[in-house]
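Read the structure below first, then the notes.
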Amino acid sequence: MKIIKFIFIILWIFSFSGISSQGEEPAERKDAAGEAQTVMATPLPTALSVKNASLNEKTEVVPSEASIQAMQSLLKKKYAPPLSLLESIRLTDNVAEIIEPAFGIYKEPRKEKSLQLMNLVIDHVKLKDDRASSLLFYRWYYIGRNRVIGDQIQEKIFKPQPILKNVTAISFEAEREDVHIHFMKVTDLEDAATSFKIDKWILKNVPRKEVCFLYFPTTIKQILLDYSTKTDAWGRISVYAGVTDRPEFGKAALYYLTTARKEIEGGSFEKAKMNLQKAKEQLIKFNRQISLESP
């Protein structure tokens, strides 16, 4: 009798658990073809409560006390102008630390400090690049000549024939009268244009006195010039393209540094940090280059 009662209790327990588990099965619905589809409930992320669940909310990462102290130290530190490219590279690293995008506070003080350091680095790299002149390594190719009349700004497009590859500089030569070049725009084969505000007088009869360096080797499609001369006078302007086998690491570094400075001014710290990394790579190459060329 006890055995029968025990078996009855066991069967009753199994029957109850079967009903319970059956009630937890996902519901089913029919699709357009009449086939059954299982509808699963989407669970909420465990970090969100049901009342405040919002997938569009962003969680701000609060800097740790150690990182705040480190940033305060960087902002209080006084930096001397760099005396070598290695010091410029270290200052570039300091700027990258100061504008760290993940650090969510002190944005204005960080911007102000990083711009101060960027100006120090850019001024030094310009000086080093000017001193390590590459003009002796250039070959110059004639592009074209045009007449310049009076003090009204005239515009002329010069197209190299044949097309020149790996051009890194443009130079000018004035004849009969000094010529004032206001603006230049260089367009490559992919129609990407780079503009230069020149605003300089090219003295007559001085060969290639003024040289405008490009940031990167370019296959030139055309060169647009705005120029003028003196009132009631006329002269000629000749345009030349320069090609060299010597890499212009300094000018490439300056391009990335000035781009990063503009991005810092606009508050785009993430983009600026990427360009600072590119500038650092060019500065390392530039430092190696001038070290090998030094007597």
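The values are calculated or read from the model by the stated rules, or taken from the named source; none is laboratory data. Fair warning: this is a prediction, and the values are worked out from it, not measured in the lab. Glycine gets a Cβ as well: all are built from the backbone with ideal geometry, and neighbour counts include every protein chain shown.
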(request) State the number of residues belonging to segment 142-168 that are assigned to a strand (DSSP E or B) and loosely packed, with under 15 Cβ neighbours inside 10 Å. (result) 6
(request) Inspect all residues belonging to segment 222-241 and state whether any of them is out of contact with any His (no Cβ under 8 Å at 6 or more places or on another chain) and closer than 30 Å to residue 93 by Cα. (result) no
(request) For segment 129-141, enumerate the residues that are under 19 Å from residue 223 (Cα atoms) and outside any strand (DSSP E or B). (result) none
(request) Identify all residues within segment 188-205 that are more than 20 Å from the chain's Cα centre (by Cα), at pLDDT 90 or above and more than 15 Å from residue 227 (Cβ to Cβ); write none if there are none. (result) 189
(message) Test of understanding: among 216, 196, which residue is outside the structural domain of residue 113 (by TED's automatic domain parsing), within 30 Å of residue 290 (Cβ to Cβ), part of a strand (DSSP E or B) and touching a helix residue (DSSP H, G or I) at 6+ places or on another chain (Cβ under 7 Å)?
(response) 216
(request) Could you tell me which residue of segment 111-141 is surrounded by the most Cβ atoms within 10 Å (Cβ to Cβ), considering only residues that are over 18 Å from residue 215 (Cβ atoms) and touching a residue at least 60 places away in the same chain (Cβ under 8 Å)? (result) 114
(request) Please enumerate the residues belonging to segment 73-116 that are at positive phi and β-branched (Val, Ile, Thr). (result) none
(message) Being free of Cβ contacts under 8 Å to residues at least 40 places away in the same chain, under 16 Å from residue 270 (Cα atoms) and part of a helix (DSSP H, G or I) is the filter here; which residues of segment 73-109 pass it?
(response) 94, 97, 98, 108
(request) Determine the pairs where a residue that is aromatic (Phe, Trp, Tyr), located within segment 195-220, has a partner that is part of a strand (DSSP E or B) and surrounded by 17 or more Cβ atoms within 10 Å (Cβ to Cβ) with Cβ atoms under 6 Å apart, the partner being 6 or more residues away or on another chain. (result) 196/184; 201/180; 213/169
(request) Pick out the one residue from 245, 232, 226, 191 that is free of Cβ contacts under 8 Å to residues at least 60 places away in the same chain and surrounded by fewer than 18 Cβ atoms within 10 Å (Cβ to Cβ). (result) 191
(message) Could you check segment 222-269 and list, in sequence order, the residues that are touching a Phe, Trp or Tyr at 6+ places or on another chain (Cβ under 7 Å), of a type in the set (Ser, Thr, Tyr) and in a helix (DSSP H, G or I)?
(response) 255
(request) Give the residues of segment 52-90 that are surrounded by 10 or more Cβ atoms within 10 Å (Cβ to Cβ), at pLDDT below 85 and of a type in the set (Ser, Thr, Tyr), sorted by residue number. (result) 67
